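The values are calculated or read from the model by the stated rules, or taken from the named source; none is laboratory data. On a predicted model such as this, the values are computed, not experimentally measured, just so you know. All Cβ positions, even for glycine, are placed from backbone atoms using ideal geometry, and neighbour counts span all protein chains on display. Calculation scope for accessible area: heavy atoms of the full protein, side chains included, ligands and nucleic acids excluded. Shrake-Rupley method; radii C 1.70, N 1.55, O 1.52, S 1.80 Å.
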Amino acid sequence: MTQFLLALALFLALHMVPAIPALRARLVAAMGRRAYLVVYSLVSLLTLAWLFHAALQLDFVPLWDPAPWQAWFPLVLTPIALVLLLAGLVSPNPASITLRKPDLRPGAITTVTRHPVLWGFALWAGSHLVPNGDLRSLLLFGALLAFALLGMVITDRRARRRLGAQWAKVERTTSVLPFAAALAGRTRLRFDAALVMALLIGSTLTAWLLLGGHAVLFGADPLAMATP
């Protein structure tokens with residue numbers, strides 16, 4: 001449990017860096033923007049891998065019985081999560097997490113939600129909670145789900161302070177809840193190269209995971225779990 005808590009603490013602390021403008025600016029100034037993004041992305045992936053490894057070392061304590069219908073939650077929601085995550089990372093976004101310069105025109109994915117990366121994490125973690133009815137999965141996916149949902153609130157507060165007068169326009173033309181701004185007529189859904197690329201890569205990753213990739217990485221076949 002100690003290793004898991006340390007890995008979780010490091011993961012959460014690491015993902016606070018982009019939300020602290022002064023610290024992020026110092027790192028970019030010292031390393032250069034491209035090097036910072038490469039190092040930050042690599043360390044994030046390694047920390048997430050450590051978090052999974054630490055979770056798997058915990059004792060298996062069942063909480064509820066598995067059922068085929070539960071497996072449909074990640075089957076349906078994970079592809080959506082991948083598109084949101086990928087599009088969010090490579091699209092300019094003045095209000096939330098991105099690897100691009102925030103002062104460019106906001107990407108098309110922001111017409112869906114202003115927090116695509118965090119929604120990607122939330123849908124992925126939340127959907128994996130349902131079919132994994134054990135204590136270590138609850139701790140792992142529950143912590144990541146809480147991190148993503150709370151992150152939207154914290155990110156909005158920081159963006160409001162950082163953007164000043166510009167925040168009113170961002171808030172009016174985007175929404176936290178996916179598609180809410182479009183349904184209310186406050187923005188129009190659109191496509192751009194980043195969103196198309198995310199759809200293509202997300203579809204490819206989904207196919208690979210379903211055709212054996214998930215079993216190789218995690219020892220579980222999602223399609224077999226969804227079959228009665």
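Inspect all residues belonging to region 57-70 and state whether any of them is open to solvent by less than 60 Å² (accessible area, probe 1.4 Å), part of a loop (DSSP other than H, G, I, E, B) and more than 26 Å from A9 (Cα to Cα).
yes
Kindly indicate whether V176 is hydrophobic (A, V, I, L, M, F, W, C), within 24 Å of L149 (Cα to Cα) and at pLDDT 95 or above.
Answer is yes for this residue.
Where in region 125-221 are there helices (runs of 4 or more DSSP H), lying wholly inside it, with at least 2 residues that are in contact with a Phe, Trp or Tyr (Cβ under 8 Å, 6 or more places away or on another chain) and more than 30 Å from M1 (Cα to Cα)?
Where helices (runs of 4 or more DSSP H) fall fully within region 125-221 and carry at least 2 residues being in contact with a Phe, Trp or Tyr (Cβ under 8 Å, 6 or more places away or on another chain) and more than 30 Å from M1 (Cα to Cα), they are 135-163.
Counting just the residues of region 11-69 that are touching a Ser or Thr at 6+ places or on another chain (Cβ under 8 Å) and farther than 30 Å from R161 by Cβ, which one comes out modelled with the lowest pLDDT? Outline the logic, then answer.
We begin by selecting, within region 11-69, every residue touching a Ser or Thr at 6+ places or on another chain (Cβ under 8 Å); these are 11, 14-15, 19, 55, 68.
This time we only want the ones that are farther than 30 Å from R161 by Cβ, so: 55, 68.
On the way: A55: 89, P68: 94.
Restricting to residues being touching a Ser or Thr at 6+ places or on another chain (Cβ under 8 Å) and farther than 30 Å from R161 by Cβ, the top hit is A55.
From the list F147, F73, pick out the single residue that is aromatic (F, W, Y), at pLDDT below 95 and either open to solvent by 40 Å² or more (accessible area, probe 1.4 Å) or within 15 Å of the chain's Cα centre (by Cα) (or both).
Values: F73 fails: at pLDDT below 95.
After ruling out the rest, the residue left standing is F147.
Can you pull out every residue in region 1-51 that is among the β-branched types (V, I, T), assigned to a helix (DSSP H, G or I) and open to solvent by 40 Å² or more (accessible area, probe 1.4 Å)?
The answer is T2, V38, V39, V43.
Within region 195-225, track down each residue that is at positive phi and of a type in the set (S, T, Y).
Once the filter is applied, which keeps residues that are at positive phi and of a type in the set (S, T, Y), region 195-225 yields nothing.
Can you name the number of the only condition in (1) within 30 Å of M16 (Cβ to Cβ); (2) hydrophobic (A, V, I, L, M, F, W, C); (3) open to solvent by 60 Å² or more (accessible area, probe 1.4 Å) that A159 fails?
Result: A159 fails condition (3) only.
Can you tell me which residue among D156, D221, D192 is of a type in the set (D, E) and farther than 30 Å from W50 by Cα?
Answer to the selection: D192.
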